[in-house]
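Q: Have a look at this one before I ask anything.
The values are calculated or read from the model by the stated rules, or taken from the named source; none is laboratory data. Predicted model, so just to flag it, every value in this text is computed and none were measured. In this analysis, Cβ positions are derived from the backbone assuming ideal geometry, glycine residues included, and neighbour counts consider all displayed protein chains.
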Amino acid sequence: MHSLRLTSAVALVAASSVLMTPSAAAQAGPTVVGWGNNTFGELNVPSLPPGMTYVDLASGFDHALALRNDGHVLAWGDDDGGQTDVPDLPPGLLYVKVAAGSDHSMALRSDGSLVAFGWNNEGQCNVPVLPSGLQYTDVVGGFWHSMALRSDGSVVAWGWNNADSAMSLLRL
């Protein structure tokens, strides 16, 4: 249910017990390993072709997704809501970041657009339309909600809000 960019020696993404660690060979890039309950195949990390590395990793309740260095996303584990059905990229675009909620996934594209897929029971996959001239620059997933940072510094949140208050824009 959390995602983070690998910026230190070890990045841990909890829930599916998937871990990204640096490999022994610096050129090989990080290695992704999984352990624990594997009911839905959430620990079956896909093998990479030669020359490929994982550069970002996210994990939901029973699924995980990883961004390769070529801008493509691989997803695995429970797909009962479509959370591992990564949308095809339009020509000329790449994925640059991944995030996951409990049973939904998100991927940020190189043009600043954002796609969300999977369970949408609380609107967590209904990505808000961007105002003209803005892009999404970062994204995180919560249990049944999502949040994204826009290029103007505002943060938008959507999905489940059990506090019954409007999820609104925040200026950082």
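Residues checked against (1) over 15 Å from the mean Cα position of the chain (by Cα); (2) modelled with pLDDT under 95:
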{"site": "Leu74", "(1), (2)": "no, no"}
{"site": "Gly77", "(1), (2)": "no, yes"}
{"site": "Gly92", "(1), (2)": "yes, no"}
{"site": "Val96", "(1), (2)": "no, no"}
{"site": "Leu114", "(1), (2)": "no, no"}
{"site": "Gly118", "(1), (2)": "no, no"}
{"site": "Cys125", "(1), (2)": "no, no"}
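Q: Still on this model: On the basis of being without any contact (Cβ under 8 Å) to a residue 60 or more places away in the chain and in contact with a Gly (Cβ under 7 Å, 6 or more places away or on another chain), does His104 make the cut?
A: The answer is yes for His104.
Q: Which of the residues belonging to the stretch 98-112 are over 10 Å from the mean Cα position of the chain (by Cα) and either among the hydroxyl-bearing types (Ser, Thr, Tyr) or closer than 17 Å to Val155 by Cβ (or both)?
A: Those that are over 10 Å from the mean Cα position of the chain (by Cα) and either among the hydroxyl-bearing types (Ser, Thr, Tyr) or closer than 17 Å to Val155 by Cβ (or both): Ser102, Ser110, Gly112.
Q: Moving on to the next point. Condition first: at pLDDT 95 or above and among the aliphatic types (A, V, I, L, M). Can you find one or more residues in the stretch 131-139 that meet it?
A: yes
Q: Does Asp138 satisfy being part of a loop (DSSP other than H, G, I, E, B) and of a type in the set (D, E, K, R)?
A: No; evaluated as a whole, the condition is false for this residue.
Q: Hydrophobic (A, V, I, L, M, F, W, C) and in a loop (DSSP other than H, G, I, E, B), is that true of Leu108?
A: Values: hydrophobic (A, V, I, L, M, F, W, C): yes; in a loop (DSSP other than H, G, I, E, B): no.
For Leu108, the condition - hydrophobic (A, V, I, L, M, F, W, C) and in a loop (DSSP other than H, G, I, E, B) - is not met.
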